[in-house]
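The values are calculated or read from the model by the stated rules, or taken from the named source; none is laboratory data. This structure is a prediction, so every number in the text was calculated from the model and none was measured. Every residue, glycine as well, gets a Cβ built from its backbone with ideal geometry; the counts of neighbours run over all protein chains shown. Heavy atoms of the whole protein, side chains included, go into the accessibility calculation; ligands, DNA and RNA do not. Shrake-Rupley method; radii C 1.70, N 1.55, O 1.52, S 1.80 Å.
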Amino acid sequence: MTAAPMMSLLGVAVVIVGLVARFNPILVVTAGALVTGIAGGLDPVSVVSALGKGFNDSRFISVAFLVLPVIGLLERAGLQARARSLISRITAVTAGRLLITYLAVRQLTAAVGLLALGGQASMVRPLIAPMARGAAETSLGTLSEDSGRLIDAHAAGVDNVGAFFGEDIFIALGSVLLIQAVLLQNKLSVEPLRIALWGIPTALAAFTVHAFRLVLLDRRLARGSTEEPRE
């Protein structure tokens, strides 16, 4: 091995040392890339250009990470508190009814390919879970810690069930294509449209079963409430 390729390995050493020292991972990786490029004979401008091209080529993946700081800023500004306050004004809404409604919306939007309209980080944690808690507190009073966690768990489950069974109806999503590929491996040739059509009764069955579980959730919360309902 010649000296130039060996010098390029200095970037690996920079990454190892930086991570062991617990420096900022982004800075460590960037510094490692710069050292590797310069040691390999590239000028700093070319290295920065290569980094920019790599970021631009994967920008659609990187954009997803922008959701987390945005949600964090919204929560710091009181998004959860406002969501709970808003839903607590509607006395007819219970945690189970609210989650059933979200389950239906999540399934329908996933069925037409709009998976990005929900999600644990962007929808459940900042909005759905606090609203479900607020609905339960309106009718049942102050909730215990266990009851609050139970609501949060059901809110997360609703999003997963709705997205999982809803996306099986949209032929252009990966789930339908994955099913088709598995069937082809087993010598069964099935058109994506037919798979999507058979996904409809499955989605309806999943909705019915999970909606029933949410009705049972309301009953379970009623048995475990700690104070008198609010007027």
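Within the group T30, T109, which residue is of a type outside the set (K, R), open to solvent by less than 80 Å² (accessible area, probe 1.4 Å) and either touching a Phe, Trp or Tyr at 6+ places or on another chain (Cβ under 7 Å) or at pLDDT 85 or above (or both)?
Result: T109 is the single residue among T30, T109 that is of a type outside the set (K, R), open to solvent by less than 80 Å² (accessible area, probe 1.4 Å) and either touching a Phe, Trp or Tyr at 6+ places or on another chain (Cβ under 7 Å) or at pLDDT 85 or above (or both).
I want to confirm something. Restricting to segment 190-220 and keeping residues that are open to solvent by less than 80 Å² (accessible area, probe 1.4 Å) and modelled with pLDDT under 90, which single residue is nearest to G162 (Cα to Cα)?
The residue in question is G199.
Could you please find all residues in segment 90-106 being open to solvent by 20 Å² or more (accessible area, probe 1.4 Å), in contact (Cβ under 8 Å) with a residue 24 or more places away in the chain and under 12 Å from D159 (Cα atoms)? Outline the logic, then answer.
Within segment 90-106, the subset open to solvent by 20 Å² or more (accessible area, probe 1.4 Å) is 90-94, 97-98, 100-102, 104-105.
Add one more test, that the residue is in contact (Cβ under 8 Å) with a residue 24 or more places away in the chain, and what stays is 90-91, 93-94, 97-98, 100, 102, 104-105.
Passing the criteria: I100, Y102, A104, V105.
I need the full set of residues from segment 121-144 which are surrounded by fewer than 15 Cβ atoms within 10 Å (Cβ to Cβ) and under 17 Å from G162 (Cα atoms), in order please.
We begin by selecting, within segment 121-144, every residue surrounded by fewer than 15 Cβ atoms within 10 Å (Cβ to Cβ); these are 121, 141-142, 144.
Of everything in segment 121-144, just one residue is surrounded by fewer than 15 Cβ atoms within 10 Å (Cβ to Cβ) and under 17 Å from G162 (Cα atoms), namely A121.
Please specify each residue of segment 35-68 satisfying the condition of being open to solvent by 60 Å² or more (accessible area, probe 1.4 Å) and either modelled with pLDDT of 80 or more or part of a loop (DSSP other than H, G, I, E, B) (or both).
The answer is I38, G41, L42, D43, P44, V45, V48, S49.
Just name the residue that is surrounded by the most Cβ atoms within 10 Å (Cβ to Cβ) out of those in segment 146-189 that are outside any helix (DSSP H, G or I), hydrophobic (A, V, I, L, M, F, W, C) and out of contact with any Leu (no Cβ under 8 Å at 6 or more places or on another chain).
The qualifying residue surrounded by the most Cβ atoms within 10 Å (Cβ to Cβ) is F170.
Of all residues in segment 117-149 being within 13 Å of the chain's Cα centre (by Cα) and of a type outside the set (A, V, I, L, M), which is farthest from L214 (Cα to Cα)?
Looking at the filtered set, the residue picked out is S122.
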